[in-house]
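Data first, discussion second: the structure below is written as structure tokens.
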Amino acid sequence: MDLSQFTQAFFVEAIELLAEMEQLLLELDVESPDSEQLNAIFRAAHSIKGGAATFGFTALTNTTHVLETLLDRARHGQLSLNGRMIDAFLETKDALQEQLTAYQAGQEPNPDMVAHICGVLQQLALESGDESLAAHAAATAAAPAPAAAPAPAAVPAEAAAPAGGGVLRIRFARLSDSECDLLAGELSNLGNVVSRTRTNDQLTVLLETTCDPDDIVAVCCFVIDESQIDITREAAG
């Protein structure tokens with residue numbers, strides 16, 4: 001599946017999420033952290049990690065995974081926050097921004113920068129008693145940058161779903177006209193559109209595809225919210 005056409009939307013959303021994360025971290029009271037703020041910071045990291053994994057941005061995925069796990073422990077009261085930890089999270093935010101900039105330019109992030117920030121997160125994981133997470137951070141820091149992959153060739157819609165692919169019924173709700181047209185057009189790049197039905201602000205598409213529902217949700221979430229998407233698999237007939 002060629003996801004290159006969606007990367008710009010990911011970059012825009014990820015930059016906005018990092019800005020939100022920074023603001024929330026700066027406002028957070030480490031002595032008595034607000035649960036909603038912690039949840040929002042965690043969700044921002046989780047969303048960036050999911051998008052990075054979808055697009056194959058390995059360093060960004062792994063770095064954000066360690067950050068996300070630490071934040072998850074903090075929001076569940078398993079990790080006590082302090083000022084030094086908040087500083088480390090803010091430094092991680094800056095590193096993630098630098099990684100995004102590199103990927104947006106079609107390059108791999110600076111390996112020394114990745115190693116440094118993963119070392120910072122590794123130390124936090126060790127101090128929190130999470131040796132498995134610390135090992136993951138260490139492995140990310142030591143991993144060589146992957147070779148740049150050639151740009152994938154465009155796949156004709158009718159070739160995107162070879163024999164053996166299933167049919168998904170994808171329902172979108174609360175769409176604007178522009179969102180409806182954009183989603184319908186982009187789905188045609190992910191498989192063969194069997195039918196398309198528009199009713200007011202709702203759109204239903206039957207799509208013959210080899211893509212998993214999770215992949216389709218991940219792509220569409222850079223246009224609309226996940227709560228607006230419902231996907232079911234049609235029975236073979």
So, first residue more than 18 Å from Phe89 (Cβ to Cβ) in the stretch 38-62, second residue in a helix (DSSP H, G or I) and of a type in the set (Asp, Glu), Cβ within less than 8 Å, six or more apart or across chains; the pairs are Gly51/Glu13; Thr54/Asp215
Do any residues in the stretch 68-96 that are in a helix (DSSP H, G or I) have Cβ atoms under 7 Å from those of residues that are among the hydroxyl-bearing types (Ser, Thr, Tyr) and loosely packed, with under 12 Cβ neighbours inside 10 Å, where the two are at least six apart or on different chains, and which pairs are they? Arg75/Ser35
Just one listed residue, out of Ser128, Ser132, Ser32, is modelled with pLDDT under 90, surrounded by fewer than 21 Cβ atoms within 10 Å (Cβ to Cβ), farther than 30 Å from Asp214 by Cα and over 20 Å from the mean Cα position of the chain (by Cα), and it is Ser128
Taking the criterion of being open to solvent by 20 Å² or more (accessible area, probe 1.4 Å), hydroxyl-bearing (Ser, Thr, Tyr) and in contact with a Leu (Cβ under 7 Å, 6 or more places away or on another chain), would at least one residue in the stretch 51-63 satisfy it? yes
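Yes/no matrix, rows are residues, columns are (1) open to solvent by 10 Å² or more (accessible area, probe 1.4 Å); (2) modelled with pLDDT under 90; (3) in contact with a helix residue (DSSP H, G or I) (Cβ under 7 Å, 6 or more places away or on another chain):
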site: Phe89; (1), (2), (3): no, no, yes
site: Tyr103; (1), (2), (3): yes, no, yes
site: Glu108; (1), (2), (3): yes, no, yes
site: His136; (1), (2), (3): yes, yes, yes
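The values are calculated or read from the model by the stated rules, or taken from the named source; none is laboratory data. Since the model is a prediction, treat every value here as computed from it, not as a measurement. Counting neighbours? That spans all protein chains shown, and the Cβs are built from the backbone with ideal geometry, glycine included. Ligands, DNA and RNA are excluded from the accessible area calculation, which covers all protein heavy atoms including side chains. Shrake-Rupley method; radii C 1.70, N 1.55, O 1.52, S 1.80 Å.
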